[in-house]
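Structure first, then comments.
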Amino acid sequence: MGILPFVAELGLIDHHCHGVLRTDSARPEFESLLLEADAVSPLGGSFFDSAVGFAVRRWCAPLLDLPRHASADEYLERRNSLHIAEVSRTFLMASGIHTFLVDGGFQPDRLLSAAELAGLGGGVAHEIVRLEVLAETLRPSVSPSEFVDLVRSRLASSSAVGAKSVAAYRIGLGLPGVRPADAEVERAVAAWSSGRLEDPVVITWLAWEALDAGLPLQFHVGYGDSDLDLHQCDPSLLTPFLRATAALGVPVLLLHNYPFHRQAGYLAQVFPHVFCDLGLATHGLGHQASRVFAEALEIVPYGKFLFSSDAFALPELYYLGAMLFRRALSDFLADGLRSDAFVEDDAHRIARLIASENASRVYKL
Amino acid sequence: MGILPFVAELGLIDHHCHGVLRTDSARPEFESLLLEADAVSPLGGSFFDSAVGFAVRRWCAPLLDLPRHASADEYLERRNSLHIAEVSRTFLMASGIHTFLVDGGFQPDRLLSAAELAGLGGGVAHEIVRLEVLAETLRPSVSPSEFVDLVRSRLASSSAVGAKSVAAYRIGLGLPGVRPADAEVERAVAAWSSGRLEDPVVITWLAWEALDAGLPLQFHVGYGDSDLDLHQCDPSLLTPFLRATAALGVPVLLLHNYPFHRQAGYLAQVFPHVFCDLGLATHGLGHQASRVFAEALEIVPYGKFLFSSDAFALPELYYLGAMLFRRALSDFLADGLRSDAFVEDDAHRIARLIASENASRVYKL
Amino acid sequence: MGILPFVAELGLIDHHCHGVLRTDSARPEFESLLLEADAVSPLGGSFFDSAVGFAVRRWCAPLLDLPRHASADEYLERRNSLHIAEVSRTFLMASGIHTFLVDGGFQPDRLLSAAELAGLGGGVAHEIVRLEVLAETLRPSVSPSEFVDLVRSRLASSSAVGAKSVAAYRIGLGLPGVRPADAEVERAVAAWSSGRLEDPVVITWLAWEALDAGLPLQFHVGYGDSDLDLHQCDPSLLTPFLRATAALGVPVLLLHNYPFHRQAGYLAQVFPHVFCDLGLATHGLGHQASRVFAEALEIVPYGKFLFSSDAFALPELYYLGAMLFRRALSDFLADGLRSDAFVEDDAHRIARLIASENASRVYKL
């Protein structure tokens, strides 16, 4: 079950990730950042007793010169004896990611910027603009009609290579299949003067504006933290929106998707502008990632699937996301080669598409 | 991973399929017919880079005297150098299907009829009447009350062995658990004078009428083209309808079901008149079909699961549907034999049930 | 594919089970009790032709001194030639369950009590109080306001170690995220004078009262009999309720969950008080249980997953539930050890957590 050499050597584009922490983490913080829970619960025991927790001990420990399967305490002691920038550099370099598409919209004060991240990782970074954060930042200082124009011009002149919507966390994915009229948007903006944006008209409008600006549009889908209602994050709820936006010809990217990864594959197959990944669920599943990765590839054309780590805060998650992605891709291809489903040339092409070529094409990198 | 000999030799009843094209296909049409997308997208690359695309190159090429894994262009060049009837005959004969239950209601002008199909395939064909098409055909020439009587008499005197509802594409599967009254139906029919039927009362009523006429009733469920909203096609949305119709004792057949095949298995287990298959998802998953097939058989009694190809337009899909079904069934049975879950006699009986005996019993063939 | 020795020797706490029948069963009753269907259907054939049916013939026959894979008729003839108490003792003792948490609220007249069950099984039993049954029992004899006080005092003084809600069967799992006020509850109780409780306010209130009384609260989730609408039993519908009750710090346990076991794992990960199991789906899947068990463990922390059999009426289901659970757990751990995901000590700890330690902690046994 080693990794096929040509997969091990692939350079990766991580089309959805975040910064890493500027500081060390004590055990409670480290554990809570491994998973999507707010904190470890005394009712349920240590998060090191989880798929991702075991993956840290197995795969990350050796990069810090510890034996495989070092204990959690040994691991954190060693980690905190090093400079955090050195730890981050180690894991980022080991990931083999050469291009980072960074959503810097969540907790920017605690995290390295995209440029700092790329510097440590020896790669290049591009920004993904988080639509709701952009709106929340601009709203307090302008009138509703100014707001509409301002968002529009910011997106039109943005240096970002894509946009991201967290509609899943705010209103669910049941966006309507019609574009909100400007007057309707202004009324909704007027009713929201500041603070957390939860208005469905404004959130829907932001998504349309991103596409109008030609920005590939990412949606958080499925698995995430306890802020979301998972049944509202089924990607097939986006169907009316996807049907309405297909003619624009601007890519829409469904992130994570677990446990709706089969639904995402369906959407990526039937809509010309839709793409998907497994994001967060790759490192989150640890040694079981390969099975779900194979499921995610059941019906999606291989030109429609991308790599992302969704790494956040802990640099280990870059390394685990990339390494477990390589293992899963390698397992998928090795299984296909073994059963004579395709030949070596095909396997190489599939690997290149998913590792970076699809992302290059979608984001015009 | 060969196919068990007794599975390879099974004669199949394909309880849900369509005609094949009368004409050759150029590459864009061929690619789009491999999947459920309307067309290949320049954003996403060739559909030959998909599970079903690789399956065509691997499994269909040798039947046209090409090497395994011939390129897409080689394959299409060779295919179009032959007469389409010869191509169709080759794949139909190789499928080992001896009985075709044909839904001829979609694009009949482009496709061979059921009788022509059976002729090429060396088998027999029976018709499945597509309820919404029947209604759309009859509606323009009659009054609402005549319409009700006419549909009823047509179904009562139909030579079809079953009926099919595409409620999934028109209104979703949340049919009510009560039978629409005739007066309500007439009002709904009056409000719909012609064209595409999308009225929930009429569509629900058609389903009841089919059962009243003693016709086993197929529902499209799950995975299909971009006309449907996948979350509206979860078969468990049919629960009120299934509960209300159980006492009629007429079979209801859930087609495809992916990615809700586990839900379909549940319904087939708990409702005496419900059956299911994996249809379209068999050829659609290519070399990964066996895993999903095993999932589909988790809780369904083996007397409740059927084979279908859902082949449409391309004769390759008959062959791939049948061959991948045999592989998946063989893998399922071989795994059970290897783990001593059942013995050889049991495996033979399960195989016969699923390949043809369940269909014979359900459709009284 | 044997069972790892340390897994074979684990003592189990079955945190959700029922009594077994006091009497023999003729074949129709036996078959219908194997699955969740009301009865065998002549349309669909014998339920012995199902995963659980084959498991009975393979695994239970030898415990009655029959050869593996004895026929259904041989099995039932032998079974009915023995005293039912002897049959029950045999399967209960072979299960290796030392502690039974018994929901005695369904069909108590036909079944052994918790104490009788524990006596036959050589273990100890604790009661789980079924909330809707408690309410239905108390309602006829008291006024609405007395009812509220009476339920409250009964729960406060209950000897049960937990409570169970069958909201899934009555109203679905979309409980609101706010606690019903006493006045609202009294109005709802007044509108319900007796009979089957289907009022959402009362059912929601019962759940809150159980948590107030400090009773760990079980919810039936997913797969069950034809009374439920499966899409209303997705555990993620409970999210608002779980969010609202997290601060109480009393465990909530999601039972069965199939086919929503991944959703359940997500909830158990992100909410500190949520736990889950695979219950009914373990014996229901027979030789395919290991795959689904591995899926259920994808993202759930191992301190959050429990064993249960959901055995009801047939003592075979205790044995099959426990044995198939051991196989699945063993397969999961052996796979992890083989791929070096964790080491022997870790595997032992995971096994102990899931087999009994999580249940001990949750129910304070």
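The values are calculated or read from the model by the stated rules, or taken from the named source; none is laboratory data. Here the structure is a predicted model, which means the values were calculated and not measured. For neighbour counting, all protein chains shown are included, and Cβ atoms are generated from backbone atoms with ideal geometry for every residue, glycine included.
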Across region B:249-259, the tally of residues that are under 18 Å from residue B:270 (Cα atoms), part of a loop (DSSP other than H, G, I, E, B), free of Cβ contacts under 8 Å to residues at least 40 places away in the same chain and within 17 Å of the chain's Cα centre (by Cα) stands at 1
Select from region A:307-322 the residues that are under 17 Å from residue A:223 (Cα atoms), crowded, with 24+ Cβ neighbours inside 10 Å and not hydroxyl-bearing (Ser, Thr, Tyr) and list them in ascending order.
A:307, A:310, A:311, A:317, A:321
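Could you tell me which residue of region A:191-204 is nearest to residue A:267 (Cα to Cα), considering only residues that are in a loop (DSSP other than H, G, I, E, B) and touching a residue at least 60 places away in the same chain (Cβ under 8 Å)?
A:197
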Close pairs (9 angstrom Cβ cut-off, 6 or more residues apart or separate chains): at the interface with another protein chain (Cβ under 7 Å from one of its Cβ atoms) in region C:333-344, among the aliphatic types (A, V, I, L, M) and surrounded by fewer than 16 Cβ atoms within 10 Å (Cβ to Cβ) anywhere:
C:339/A:1; C:343/C:337
What are the residues in region A:145-169 that are out of contact with any Phe, Trp or Tyr (no Cβ under 9 Å at 6 or more places or on another chain), in a helix (DSSP H, G or I) and buried (at least 20 other Cβ atoms within 10 Å of the Cβ), if any?
A:147, A:155
Take the residues in region C:329-354 that are touching a Gly at 6+ places or on another chain (Cβ under 7 Å) and either aromatic (Phe, Trp, Tyr) or in a helix (DSSP H, G or I) (or both), then tell me which one is nearest to residue C:274 (Cα to Cα).
C:353
Would it be correct to say that residue C:50 is within 10 Å of chain B (Cβ to nearest Cβ), buried (at least 17 other Cβ atoms within 10 Å of the Cβ) and among the hydroxyl-bearing types (Ser, Thr, Tyr)?
yes
Does residue A:224 count as of a type in the set (Gly, Ala, Ser) and buried (at least 24 other Cβ atoms within 10 Å of the Cβ)?
no
Within region B:115-144, of all residues that are closer than 25 Å to residue B:362 by Cβ and in contact with a Lys or Arg (Cβ under 6 Å, 6 or more places away or on another chain), the one surrounded by the most Cβ atoms within 10 Å (Cβ to Cβ) is B:128
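Would you mention how many residues in region C:289-308 are within 14 Å of chain A (Cβ to nearest Cβ) and part of a helix (DSSP H, G or I)?
Number of matching residues: 10.
Quick grid of which residues meet (1) modelled with pLDDT of 95 or more; (2) farther than 30 Å from residue A:242 by Cα:
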residue	(1), (2)
B:3	yes, yes
B:33	yes, no
B:41	no, no
B:47	yes, no
B:52	yes, no
B:62	yes, yes
B:74	yes, yes
B:83	yes, yes
Where residue B:260 falls short, out of the listed (1) surrounded by 24 or more Cβ atoms within 10 Å (Cβ to Cβ); (2) more than 10 Å from chain C (Cβ to nearest Cβ); (3) closer than 26 Å to residue B:50 by Cα
(2)
Taking into account only those residues within region C:296-316 that are out of contact with any strand residue (DSSP E or B) (no Cβ under 8 Å at 6 or more places or on another chain) and free of Cβ contacts under 8 Å to residues at least 40 places away in the same chain, which is nearest to residue A:291 (Cα to Cα)?
C:298
Of everything in region B:22-61 that's part of a loop (DSSP other than H, G, I, E, B) and aliphatic (A, V, I, L, M), which residue is nearest to the chain's Cα centre (by Cα)?
B:35
Can you tell me which residue in region C:205-248 is farthest from the other protein chains (Cβ to nearest Cβ), limited to those that are touching a Pro at 6+ places or on another chain (Cβ under 8 Å) and outside any helix (DSSP H, G or I)?
C:219
Does region C:30-45 hold any residues that are surrounded by 16 or more Cβ atoms within 10 Å (Cβ to Cβ) and either facing another protein chain (nearest Cβ under 10 Å) or not small (Gly, Ala, Ser) (or both), and which are they?
C:30, C:31, C:33, C:34, C:35, C:36, C:37, C:40, C:41, C:43, C:44, C:45
Tally up the residues in region C:145-167 that are in contact with a helix residue (DSSP H, G or I) (Cβ under 7 Å, 6 or more places away or on another chain) and at pLDDT 95 or above, please.
14
Which residue out of B:101, B:64, B:112, B:82 is without any contact (Cβ under 8 Å) to a residue 60 or more places away in the chain and buried (at least 17 other Cβ atoms within 10 Å of the Cβ)?
B:64
Residue A:86: more than 9 Å from chain C (Cβ to nearest Cβ), part of a helix (DSSP H, G or I) and either over 29 Å from residue A:126 (Cα atoms) or touching a His at 6+ places or on another chain (Cβ under 8 Å) (or both), yes or no?
no
Only one residue in A:311, A:281 is assigned to a helix (DSSP H, G or I), within 27 Å of residue C:269 (Cα to Cα) and either in contact with a helix residue (DSSP H, G or I) (Cβ under 8 Å, 6 or more places away or on another chain) or within 14 Å of chain B (Cβ to nearest Cβ) (or both), so which one is that?
A:281
Could you figure out which of (1) more than 13 Å from chain B (Cβ to nearest Cβ); (2) crowded, with 20+ Cβ neighbours inside 10 Å; (3) not small (Gly, Ala, Ser) isn't true of residue C:199?
(2)
So in region A:1-29, with the set limited to residues that are surrounded by fewer than 16 Cβ atoms within 10 Å (Cβ to Cβ) and touching a Ser or Thr at 6+ places or on another chain (Cβ under 7 Å), which one is farthest from the other protein chains (Cβ to nearest Cβ)?
A:11
Among (1) in contact (Cβ under 8 Å) with a residue 12 or more places away in the chain; (2) over 29 Å from residue A:19 (Cα atoms); (3) among the small types (Gly, Ala, Ser), which single condition is residue A:355 missing?
(2)
Of the numbered conditions (1) within 23 Å of residue C:343 (Cα to Cα); (2) touching a residue at least 40 places away in the same chain (Cβ under 8 Å); (3) touching a His at 6+ places or on another chain (Cβ under 8 Å); (4) not hydroxyl-bearing (Ser, Thr, Tyr), residue A:3 satisfies every one except a single condition; which is it?
(3)
